[in-house]
Amino acid sequence: MPRHFFEAMLVALLAGLLTVPILGIQIQVEGINVSLEGDPLPVLLAMAAVFMARLLQVPLKAVSGVMHITRRVPRPIHLPTAYRLILIVLVIVAAAIWPFTVSRGAVDIATLALIYVMLGLGLNVVVGFAGLLDLGYVAFYAVGAYGYALLSTHFGLSFWECLPLCVMMAAITGCLLGFPVLRLRGDYLAIVTLGFGEIIRLLLNNLDELTGGPDGIGNIPKPSLFGLEFARRSSTEGGTTFHEFFGLEYSGADTVVFLYLVALVMTLLILYVINRLIRMPVGRAWEALREDEIACRSLGLNPTTIKLSAFGFGASTAGFAGAFFAARQGFINPESFTFIESAIVLAIVVLGGMGSQIGVILAAIALTALPEIARQFAEYRMLIFGLVLVLMMIWRPQGLLPATRPRLELPARAETL
Amino acid sequence: MLEFFQQVINGLTLGSIYALIAIGYTMVYGIIGMINFAHGEIYMISAYIGLITVTALTVQFGVENVPLILLFTLAASILATSAYGWAIERIAYRPLRSSPRLIPLISAIGMSIFLQNYVQIGQGARDLSMQPLISGGWRFGSDAGFQIYLSYMQVLIAVVTVIFMTALTLFIARSRLGRACRACSQDLTMTNLLGIDTNRVISLTFVLGAALAAVAGVLISLHIGKINPFIGFDAGIKAFTAAVLGGIGSIPGAMLGGIILGLSESFASAYLRTEYKDVVAFSLLVLVLLFRPTGLLGKPEIEKV
């Protein structure tokens, strides 16, 4: 034990040396006068954190080692189909009734969480199933959002008319980008998609006449329920609003709950489509391609078309979510579509477990809800976020709830060669 | 015509910076085949350390000898930034040596986000600016028309870049450790079998890359005089573009790619709109990857089953 203690001391000392110039000395600028100010507290805190982390590493490693030995081969949960159906229906009913019982703010956060669930599910197809690292996912989200904003403000199309158009636009953008790029190897693809995401954001920022530049687009109409608007008064002559039609008192909370329900329906739709797709030949091809591209090619699968279908599907999901995002916010600008947004969605997929849908859903909810609960740590949110990504890759690269699928392994035996 | 030469000068200055950062990408990629996404943040940290050292020397200690300040700042920044490069490799990449490709890349993205926010917490998110240490320059051309302006700082950037590039080339070509580096980039397992401590060589690669990024960071903070915690992201992607353009894994390629990228960016901002210079850089990246994924000086990669 003393050895670990000294090791931890040494590591903490190194951490102290490293953090002194950044955390310990602050540059103060007043007018043209620049001065330095020393503050040992952050450095000491960082040293203490590193010391504790290093000291705890040993028992943690021992525990995870024991867990590793006792862990059995993961087996998928085999509920009888009827039970599973009942469970799914119960969860959906609970999710649908829940917003009527809680505050407006909570429903609003839940809607945001559902947007991230949609994005996570879409990216999960690209990263988790097809194994293509897409760092510019937010570009397709932006295409959907701007698509809806422009179509509705310029041509007066409703949300429900725009939705399929936005999905198509995002899918076309995805295919146009994907077609030439998907022949590249994995990490090149990551960087090209990252570059593409940046190009889209720069274009949105600079094509002032079309997109409004950094000011963005405002006054985007909210979705309506079969033509019934959620507003105090109808925006069109002779139109009926929701509360007038049903003879209710007007309440602003109606809109929030309605948006939540729309998001819920959209999420369920995406979930359903993905679950059908992964049982179809194309979905199986995605996973096969992720496991071994050369084997796939020799079995007569065309890697480019398969990758393109995954990429295009992921893009269209992002477009779907983007259109809803624009409708919910009522205002969009390029600030919502930065690289960090792509990184958050990627983190959702990675934390949940690549290829695991239930994991992705829970991770999306956790990553949206936690910052709301821990508001006092808002400054450290992204710092912790980055750290968690690194630590997850080291300790649990398969994610918190890894995807389990039925598999058979050959019994281990001594190699004869 | 004169404007053209002016843009060549600006492009070469910018290109030197990109080339210095690009070497870090290309060396790491050449040896362990991963994209060190956090390399841009290393450059950003070095710019901060450079700024702090310059401020400490000039304001706190009242040193006025410019060459002394320069030397000391470069040394301090290289030392501190190399330590960061070493620590990042040790913490975020070494435990993942044998994982599938995407795992270290995601870890690198996490590291990049972490470092960006770490500096933001330490130094604040606002722009920091400083008085130029070296000002002035030469003017060419008629007084009436367009004048070419070549600042002393631009000359300094070019000279320092050439010195460090030459030193690196000699180190890789002549020294024992340089030979070990070349061996590792050819076949890591084989090199290990031959009794070379490959972990040490990999650490060395990160340290060398960080040191060159530190040079770039110090030079840019002296030249532009304005830094914030987010400069690493853009510079990192552009330097990566430069590395890919020249052929990733090839050191002369990174130098060439940096210069080409710097030139095309400075022409784009002169003859198109300034806002589109980043679009040009990223489009260049996409185009190179499409038509010549091995880059200008790179070797084609053979896929082994």
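No lab work stands behind these numbers, since they all come straight from the coordinates. No experiment lies behind these values; they were computed from the predicted model shown. Ideal geometry is used to build each Cβ from the backbone, glycine not excepted, and the neighbour counts take in all protein chains shown.
Things to note:
- Kyte-Doolittle mean at least -1.0, axial Cα span of 20 Å or more - DSSP H helices of chain B: B:2-32, B:39-55, B:66-88, B:102-123, B:152-174, B:198-223, B:231-246, B:251-271, B:277-291
- Whole-angstrom gap from the stretch B:236-271 to the stretch B:204-226, using each part's C-alpha centre: 16 Å
- Part-to-part distance (alpha-carbon centres) for the stretch A:154-169 and the stretch A:336-403, which is given in Å: 31 Å
- Along the axis of the charge dipole computed for the stretch A:87-395 (Cβ charges of +1 for Lys and Arg, -1 for Asp and Glu, origin at the Cα centre), the listed residues A:Phe385, A:Val273, A:Thr111 are led at the positive end by A:Val273.
- Exposed loop sites were defined as GluC sites (Glu not before Pro) in DSSP loop states (anything but H, G, I, E or B) carrying at most 11 other C-beta atoms within 10 Å; in chain B the longest segment without such a site runs B:65-302.
- In a reduced charge model with +1 at each Lys and Arg Cβ and -1 at each Asp and Glu Cβ, the stretch A:271-390 shows a dipole moment near 320 debye about its Cα centre.
- Other residues whose C-beta falls under 15 angstrom from the C-beta of A:Leu150 contribute a net charge of -4, scoring Lys and Arg +1 and Asp and Glu -1.
- Over the stretch A:261-375, the reciprocal of the mean inverse Cα-Cα separation, the Kirkwood hydrodynamic radius, stands at 16.2 Å.
- Residues A:Arg381 and A:Phe100, FRET efficiency given R0 of 30 Å [Cβ-Cβ distance, rounded to 0.05]: 0.50
- When only Cα pairs below 8 angstrom with a gap of at least 6 residues are kept, the stretch A:87-395 shows a relative contact order of 37 percent.
- Its Cα centre serving as origin, the stretch B:17-229 has a Cβ charge dipole (Lys and Arg +1, Asp and Glu -1) of approximately 520 debye.
- Note on B:Lys238, A:Lys222: ascending count of other Cβ atoms within 10 Å places them as A:Lys222, B:Lys238, the fewest first.
- Gyration tensor over alpha-carbon atoms, the stretch A:87-395, equivalent ellipsoid semi-axes in Å: 33, 22, 20
- In the protein assembly as shown, a dipole from Cβ-located charges (positive for Lys and Arg, negative for Asp and Glu) runs towards its positive end, and of B:Ile248, B:Leu96, B:Gly24 it is B:Leu96 whose Cα lies farthest in that direction.
- Per-selection Rg to Rh, the stretch B:51-99 - Cα, Kirkwood hydrodynamic radius: 1.28
- Over 31 Å (Cα to Cα) - which of A:Lys222/B:Lys226; A:Lys61/A:Lys307; B:Lys238/B:Lys299 fall in this group: A:Lys222/B:Lys226; A:Lys61/A:Lys307
- By the beta-carbon count within 10 Å of each Cβ, the least crowded to most crowded order of B:His39, B:His223, A:His154, A:His4, fewest first, is A:His154, A:His4, B:His223, B:His39.
- Principal axis dimensions, largest first and in whole angstrom, of the stretch B:17-229 by Cα: 65, 40, 36
- Likely footprinting exposure, A:Leu90, A:Leu194, fewest C-beta neighbours within 10 Å first: A:Leu90, A:Leu194
- Where N is the number of residues in the stretch A:2-58, Cα Rg divided by 2.2 N^0.38 Å: 1.44
- Alpha-carbon centroid distance for the pair the stretch B:98-138 / the stretch A:7-61, whole angstrom: 17 Å
- Expected 222 nm ellipticity per residue - DSSP helices of 4 or more, -39500 (n - 2.57), all of the protein assembly as shown, to 500: -22500 deg cm²/dmol
- Computed on the Cα atoms alone, the convex hull of the protein assembly as shown gives a volume of 212 cubic angstrom per residue.
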